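Working notes for the structure below.
The values are calculated or read from the model by the stated rules, or taken from the named source; none is laboratory data. This one's a predicted model, so the numbers in the text were calculated from it and none came from an experiment. Cβ placement follows ideal geometry from the backbone for every residue including glycine, while neighbour counts extend to all protein chains displayed.
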Amino acid sequence: MRKEFFFALLACLLVCTSGVAKKKEKRSVVRIETSMGNIRVALSDDTPIHRDNFLKLASKGFYEGTLFHRVIRDFMIQGGDPDSKGVAPGVQLGDGGPGYTLEPEFLLPYLYHWRGVIAAARESDDVNPEMRSSGSQFYIVWGKKQTPASIKKVKATLADKGVTLTPQMVDDYIMRGGTPHLDGTYTVFGEVIEGMNVVDAIQRVETDKQDRPLQDVVVLKMIVEQRSKKAKP
């Protein structure tokens with residue numbers, strides 16, 4: 001009797017565990033296949049403009065052959081410039097796009113620049129006071145783990161912009177790392193759910209004086225694995 005009960009319990013546990021393992025991610029998920037490995041990102045339904053735009057470009061093959069053209073160690077890796085396709089070494093990149101920009105979608109204190117988020121690049125404030133996002137360029141944050149001293153400095157700078165770091169944000173920046181000085185000025189629209197080891201490897205590559213990798217890091221393709229119910233078809 002005890003043996004039968006044990007095997008029944010074991011079978012139940014296996015089924016339950018299997019169910020948990022196969023639970024689907026509810027957000028939209030895109031797999032970024034690069035020459036250094038794959039990165040999977042989940043896109044936030046709370047930033048629908050950026051979510052739907054990224055899904056549209058990814059599904060159309062817009063990013064295929066583009067480079068991670070700007071890489072800064074302990075900071076971030078940036079890609080999405082269509083002008084980077086097949087370009088010669090040493091050429092400065094970063095001005096290309098699909099011909100439009102996006103309305104910013106700041107969502108503090110819920111989406112901020114902790115290590116592993118994906119966010120939209122943009123032109124600087126002097127030519128882009130509305131802080132509109134690039135239509136295609138994005139970056140994935142690495143960022144150093146912050147210290148209480150560095151957080152204090154960032155808080156003072158952000159206060160001038162009307163941005164406040166919550167205790168939860170501070171804890172994340174100290175424990176996980178990130179780039180808090182970008183909060184409230186660049187749109188975060190998702191996060192890496194698999195492949196942070198690839199992000200780490202890319203952010204460590206050797207670069208030239210323009211922060212372009214000496215050996216091209218190429219986006220081979222992007223695959224839309226899943227769309228959330230709120231995403232446009």
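Just one of the numbered conditions (1) surrounded by fewer than 24 Cβ atoms within 10 Å (Cβ to Cβ); (2) over 12 Å from D211 (Cβ atoms); (3) at pLDDT 95 or above is not true of V41: (1). Pull up the stretch 217-233, narrow it to residues that are hydrophobic (A, V, I, L, M, F, W, C) and under 29 Å from V91 (Cα atoms), then point me to the one that is surrounded by the most Cβ atoms within 10 Å (Cβ to Cβ). Taking the candidates together, the pick is M222.
Every residue, every condition in (1) exposed (fewer than 15 other Cβ atoms within 10 Å of the Cβ); (2) out of contact with any helix residue (DSSP H, G or I) (no Cβ under 9 Å at 6 or more places or on another chain); (3) among the charged types (D, E, K, R), yes or no:
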| position | (1), (2), (3) |
| --- | --- |
| H181 | no, no, no |
| I202 | no, yes, no |
| T207 | no, yes, no |
| D211 | no, yes, yes |
| Q215 | yes, yes, no |
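Counting the residues of the stretch 206-229 that are under 18 Å from the mean Cα position of the chain (by Cα) and either part of a strand (DSSP E or B) or not basic (K, R) (or both) gives 11. Looking across the stretch 202-233, the residues that are of a type in the set (S, T, N, Q) and over 16 Å from D81 (Cβ atoms) come down to Q203, Q215, Q226, S228. Only a single criterion out of (1) of a type outside the set (S, T, N, Q); (2) at pLDDT 95 or above; (3) not in a helix (DSSP H, G or I) is not satisfied by D83, namely (3). Of the residues making up the stretch 110-160, those that are β-branched (V, I, T) and either touching a helix residue (DSSP H, G or I) at 6+ places or on another chain (Cβ under 6 Å) or on the phi > 0 side of the Ramachandran plot (or both) number 3.
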